[in-house]
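Let me begin by presenting the structure, written as structure tokens, before commenting on it.
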Amino acid sequence: MTGNDDDRDLRARFAALREEEAAQAPEFALPTPQRRRRFAGSLIPVAECALAIVAAIFVLRFVALEPRRPSAPVASLTEWRAPTDFLLDTPGRELLRTVPAIGEWSDYTKAVSPREKHAQLPK
């Protein structure tokens with residue numbers, strides 16, 4: 001057997017396999033008008049749902065724009081105090097809220113130098 005004979009045999013086997021597969025493969029059908037009607041029939045419920053959603057949005061928009069009057073006065077967020085705020089009021093907190101004055105001391109008295117001390121001694 002030469003290489004050429006092997007190729008002919010292999011080609012014949014592949015041709016036989018292709019013929020078997022072609023015989024078993026179904027025919028492809030073209031779309032018929034009946035299939036198109038099914039598609040159009042399923043499109044109607046989708047269009048109805050979309051229309052219902054658009055109508056609901058339209059109605060809710062006007063209902064939401066209607067001004068509402070509060071029945072009871074509502075405290076604003078800036079006036080609200082947490083129930084545990086009293087825990088933040090600690091003793092000595094007023095010291096933390098003041099700024100110290102540097103260079104000034106209310107209880108400061110000038111120290112007496114030794115010369116002045118000597119001069120103040122009774123003679």
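Coordinate-derived values only; no laboratory data. No experiment lies behind these values; they were computed from the predicted model shown. Here the Cβ is made from the backbone with ideal geometry for all residues, glycine too, and neighbour counts use every protein chain on show.
Here the extension length gained between V46 and L60 equals 2.9 nm, from 0.36 nm per residue of separation less the Cα-Cα distance.
Using the Cβ-Cβ distance between E116 and L88 with R0 set to 41 Å, the FRET efficiency from 1/(1 + (r/R0)^6) comes to roughly 0.20.
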